[in-house]
């Protein structure tokens with residue numbers, strides 16, 4: 001390796017190491033709390049004297065006042081996130097296909113409107129959304145959060161999928177039309193298979209956005225049986241003497257599904273599926 | 001098998017007119033090449049025939065049926081694209097059978113047809129591969145296979161060889177021609193390469209600026225170009241053309257007298273055209289050799305006459321060297337005269 005390469009490598013490490021520490025230390029902190037006993041949680045040591053998995057047992061067995069609905073709440077989180085992800089994906093895919101590939105009239109307006117929605121911060125919309133859901137009689141129903149998250153995620157999803165659609169070679173559509181494909185067949189047999197990486201990415205985006213949502217979940221859902229775990233975790237802070245070690249154990253469990261999803265779908269996050277379609 | 005008839009086809013994109021009333025009859029089984037520089041409207045014409053572009057005015061008929069308002073899929077045509085346009089998520093076999101699958105043909109029949117086409121195109125070992133695993137020439141053959149499988153009335157080719165390297169292009173040219181001789185399907189082939197046009201076509205339509213400049217068999221265009229554009233477009237190396245004045249049965253130009261068999265008015269300004277191969281060495285016009293380009297079978301000389309560069313091609317080797325003075329005798333029988341103003345053949 002030449003000196004120059006070594007130098008640029010060193011510079012990279014100089015940036016990478018602080019970033020890595022910055023990211024990992026809080027996670028390590030959570031982990032440390034979750035394997036500590038209540039007494040030693042705040043001891044300030046880098047490793048507890050008596051590491052224990054007892055906190056996790058407590059969580060799984062729902063043996064704490066704040067955790068009586070743990071399994072129910074994590075199921076709510078999952079249900080709501082998957083539903084919001086799926087609906088967002090369906091809406092955005094159809095919109096992107098008709099705007100980008102079928103050149104539907106008014107497509108530009110829809111795109112501009114989608115962009116415009118981001119001029120208003122989501123937090124400002126929380127109260128109107130609460131009012132709207134109340135009008136529909138959906139408060140305290142998991143669907144209210146699903147629908148709210150779909151409205152928040154869909155504009156971005158439409159933009160991303162529209163951009164990805166535009167990159168598909170136009171000749172493929174023409175070839176399919178000459179081969180006798182109807183628009184629906186084009187969508188099903190050519191468009192969807194080629195869009196899989198983008199679709200997975202957008203589904204993951206909407207799913208994680210919903211999984212991590214707190215504000216809307218807190219507002220729209222209040223019954224212990226309907227709230228997702230994110231709101232359930234918030235309840236821990238209601239008392240002066242919060243059980244931090246159990247909160248952190250729960251938080252660690254709560255953080256695992258997103259990590260697993262990222263890991264499982266990482267190969268879809270990279271493109272390259274259209275290689276070989278047309279000469280580039 | 002079918003005839004194709006274009007009747008006064010017009011087309012504009014916004015305020016830009018790209019086709020100005022094109023009429024063209026293509027016979028049953030004919031290999032018609034549309035050739036012209038980029039932007040001449042040849043691809044647009046083809047895409048209108050394919051149903052990928054709206055027809056601005058006039059009618060297009062396939063096999064006697066006007067297809068203006070028919071969808072692409074109902075026109076019974078197959079098209080080969082410059083970029084191949086293969087479905088990347090399907091194997092070669094699936095690509096070729098896709099149109100039949102859309103028609104809900106039986107699986108057995110699809111397999112038979114795909115196998116048949118694969119045999120014709122030597123694609124049998126690749127049927128299970130994906131397009132990304134194939135070379136450019138193989139991909140192009142798959143694109144042709146996709147067209148053959150359908151057994152359409154008309155084949156459309158949109159610059160199918162432009163993306164291939166020179167050697168492969170020559171090979172594929174022969175393959176496409178052999179394919180046509182075997183299947184005898186009416187074919188419309190668009191290219192900007194006059195060599196492709198000359199070697200493959202039954203008839204060529206030379207297009208320029210949204211009009212057909214000349215329609216005819218390849219050697220007709222070569223021997224009797226209707227105007228200056230066709231004269232300079234067809235033939236390689238290109239025809240030498242320069243200004244002159246017609247006097248006493250010859251053309252006075254570049255300080256010399258150039259013999260010709262065509263007639264013009266006495267004193268009429270003309271353009272004199274002569275192909276590089278139509279010079280003899282001997283007594284005639286004095287020229288200075290500037291560049292010698294030996295190519296083995298023939299040699300091209302770039303010479304200067306009266307300040308103008310001309311190309312001369314000779315069979316075999318040439319002893320000439322840069323700086324030599326040679327004497328050229330233009331072959332009067334093969335000289336072309338064009339009206340200086342209109343460019344039309346005299």
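The values are calculated or read from the model by the stated rules, or taken from the named source; none is laboratory data. Quick caveat: nothing in here was measured; it's all calculated off a predicted structure. Cβ atoms come from the backbone with ideal geometry, glycine included; neighbour counts cover every protein chain shown.
Summary of values
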item: Residue identified as in contact with a helix residue (DSSP H, G or I) (Cβ under 7 Å, 6 or more places away or on another chain), over 26 Å from residue A:260 (Cα atoms) and without any contact (Cβ under 8 Å) to a residue 60 or more places away in the chain among A:173, A:179; result: A:179
item: Check on residue A:84, in the same structural domain as residue A:228 (by TED's automatic domain parsing), closer than 30 Å to residue A:185 by Cβ and in a helix (DSSP H, G or I); result: yes
item: Helices (runs of 4 or more DSSP H) fully within segment A:109-228 counting 2 or more residues that are more than 14 Å from chain B (Cβ to nearest Cβ); result: A:122-136, A:142-167, A:192-211, A:215-220
item: Test result for residue A:34, more than 25 Å from residue A:212 (Cα to Cα) and either touching a residue at least 24 places away in the same chain (Cβ under 8 Å) or not assigned by TED's automatic domain parsing to the domain that holds residue A:231 (or both); result: no
item: Among residues of segment A:10-35, those that are over 30 Å from residue A:243 (Cβ atoms) and surrounded by 12 or more Cβ atoms within 10 Å (Cβ to Cβ), counted; result: 0
item: Contacts under 7 angstrom Cβ, first residue in segment B:159-180 being over 23 Å from residue B:40 (Cα atoms), partner in a loop (DSSP other than H, G, I, E, B), 6 or more apart; result: B:172/B:161; B:172/B:164
item: Filtered residues of segment B:125-135 (kept if in contact with a helix residue (DSSP H, G or I) (Cβ under 7 Å, 6 or more places away or on another chain) and either at the interface with chain A (Cβ under 9 Å from one of its Cβ atoms) or in contact (Cβ under 8 Å) with a residue 60 or more places away in the chain (or both)); result: B:131, B:134
item: Answer from A:150, A:160 - the residue that is surrounded by fewer than 17 Cβ atoms within 10 Å (Cβ to Cβ) and in contact with a helix residue (DSSP H, G or I) (Cβ under 8 Å, 6 or more places away or on another chain); result: A:160
item: Flag for residue B:152 being crowded, with 19+ Cβ neighbours inside 10 Å, in a loop (DSSP other than H, G, I, E, B) and touching a helix residue (DSSP H, G or I) at 6+ places or on another chain (Cβ under 7 Å); result: no
item: Filter result for the condition that a residue is within 13 Å of chain A (Cβ to nearest Cβ), within 20 Å of residue B:116 (Cα to Cα) and out of contact with any strand residue (DSSP E or B) (no Cβ under 9 Å at 6 or more places or on another chain), over B:142, B:154; result: B:142
item: Residue among B:262, B:231 that is under 29 Å from the mean Cα position of the chain (by Cα) and assigned to a loop (DSSP other than H, G, I, E, B); result: B:262
item: Residue B:225 vs. criteria part of a loop (DSSP other than H, G, I, E, B), crowded, with 18+ Cβ neighbours inside 10 Å and under 30 Å from the mean Cα position of the chain (by Cα); result: yes
item: Members of segment B:80-111 found to be in contact with a helix residue (DSSP H, G or I) (Cβ under 7 Å, 6 or more places away or on another chain), in a loop (DSSP other than H, G, I, E, B) and at the interface with chain A (Cβ under 7 Å from one of its Cβ atoms), listed by number; result: B:81, B:83, B:84, B:85, B:86, B:87, B:88, B:89
item: Residue A:252 within 24 Å of residue A:85 (Cβ to Cβ), in the same structural domain as residue A:99 (by TED's automatic domain parsing) and surrounded by fewer than 19 Cβ atoms within 10 Å (Cβ to Cβ); result: no
